[in-house]
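Here is the structure we will look at, set down as structure tokens.
Read the figures in this text as sums done on the coordinates, not as results from a lab. The model shown is predicted, which means the values in this text are computed figures rather than measured ones. Because the Cβ atoms are built from the backbone with ideal geometry, glycine has one as well, and the counts that use them run over all protein chains shown.
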Amino acid sequence: MTTTTTPAPPEGVDARAATAEDPTAAAPPIPRRTWLGFAVVLTATVLNILDSTIVNVAAPAIRADLGMSTAALEWVAAAYTLALAVGLVASARLGDVLGRRRMLLGGLVGFVLTSVACAAAPTADALVVGRALQGLAAATMVPQCFGLIREMFTPARVGRAMGAMGPAIGLSLVAGPVIAGGLMQLDAFGTGWRSLFLINVPLGLFALVLGRKVLPAGAPTAGARLDVVGTLVLAAVSLLLTYPLVEGRALGWPLWVFGMLLATVPLLAVFVRHQRVRVARGAAPVLEPSVLRNRSYVAGIVFMAVFFGAVVGLQFVVGVFLQVGLGKSALDAGLCLSALAVGSFVGAGVGSWAAENLGRPILHVGTAIMAVGCLVLWWALDGSRGTDVGVWALSPGLALFGLGMGMIFVPLFSIVLGGIEDHEVGSATGLLSATEQLGASLGIAGLATVFFHVYDLEAGGPRAALAAGRHLLAAENTLLLTVGLVAVAWVLAWLLPRRARVGGGGH
């Protein structure tokens, strides 16, 4: 066995210089410091993924402990994704203004503090506020991750780093529900659902301490400025869309609720006008106005909102249904939801191949499989009336749904960006990320509203709903609505570019 004699560049020196003069020279090994920095970025990413999904398992316990209404329970999940959607728009630009390292470390501090606040929340309102602040902290971290990877790794090795990130993210999706259920089952020191937030503290502190030592400082981008007005307008639009869906049922759907929804139309017009004015003045916009004239991109935005609304909304409802409707333990619910994550993990492997070889047709295949998964779930529930529904009877349908969504996850961003010009990619990608989270918020609000409207927990409690069979009817109606959303996404996919964008824009 032989070893190379090519010396590695000193730590802190950009490895690009090592082979700049001699492109044929063997690439030096990746420094240990770089891999440690990658571990920090990966930890920040996994923290966001875990806290986006833990409420799916913890929701019933949180509701029982804090005496929540169903609307407040929806806010616990939706507040995080809504704040994340709004924050992503601003923090990506702030990473250019202040530096990505500073933003990531600041986000980690905020995430640790807000996790403690959520764990200590004495009331429903306090928890909702804590979740919103936690979402903003996550939004501060997440957009910096890919930029830091590009700073730490040479162009030839960025793909290797991203390839290592994929399985780790997939594993966290699979293990997350099981870990959440296990922690609640363990109930260490009587912490119950609060332990799901406390687990963030050691992970966040690890990433924070290590990140201060190993992350590259990086210089802020000269001349970068944040579009405060544009960001605030988008925040208002997001809130006006989400609030009526969450609160409308509890309030009896007054006219002003529909007025809030209609108000988003003129606000969007104001946003587009403001972006055009900024471009005319030579200032950086939140979104290049030219992308809104691209039919395939606009269709992609709508596809993203519908797709992620169906995915995240259904996961939330299933987590609640398993425990409140079927009386399963948190651990059983986590194990059942892990079937969806396993399917997604397998589907992601297919999606990676399909991004280069199939392009748009993978979206049709994926959405079709998702619809079949929903129908298999519906069949399992419909055939169980009067009998106990086993957790494992639901696993095939969930696995199929996960398989279809996993096929779409990997190539989706690249396909939507297929018709975007190079100078538009940055702002177009930022809006896609925000739309993903906004769609998740709307999906939680919409599907949970349908579920709780039929289930009607406030009318006699869970036992009365169970005796009347409302739990099964509520779940079946939610599944049929999800099939409808997936069908809309299937149709919208025909308007997207045929081929994925080459060389970036991946999710």
Give the label of the value calculated from the structure for Cα extents along the principal axes in Å, choosing from (1) 76, 57, 45; (2) 62, 53, 50; (3) 67, 50, 46. (1)
Under 8 Å for C-alpha pairs, at least 6 residues apart: give me the relative contact order for the range 228-285, rounded to a whole percent. 42 percent
Expressed in angstrom and rounded, the centroid-to-centroid distance over alpha carbons for the range 353-384 and the range 127-190 is 26 Å
Residues 145, 336 arranged by fewest to most Cβ contacts within 10 Å: 145, 336
Ranked 455, 297, 80, criterion: other C-beta atoms within 10 Å, fewest first: 297, 455, 80
If R0 is 25 Å, what FRET efficiency do you get for residue 175 and residue 353 from their C-beta distance, rounded to 0.05? 0.55
Contact order normalised by length for the chain, with contacts defined as Cα pairs under 8 Å and 6 or more residues apart; what percent is it? 20 percent
Residue 281 to residue 157: extension gain in nm, 0.36 nm per residue of separation minus the Cα-Cα distance? 40.8 nm
Take 162, 407, 260, 304 and order them by how many other Cβ atoms sit within 10 Å, fewest up front. 162, 260, 304, 407
Taking 8 Å as the Cα distance limit and 6 or more residues as the minimum spacing, I'd like the relative contact order of the range 302-395 as a percentage. 34 percent
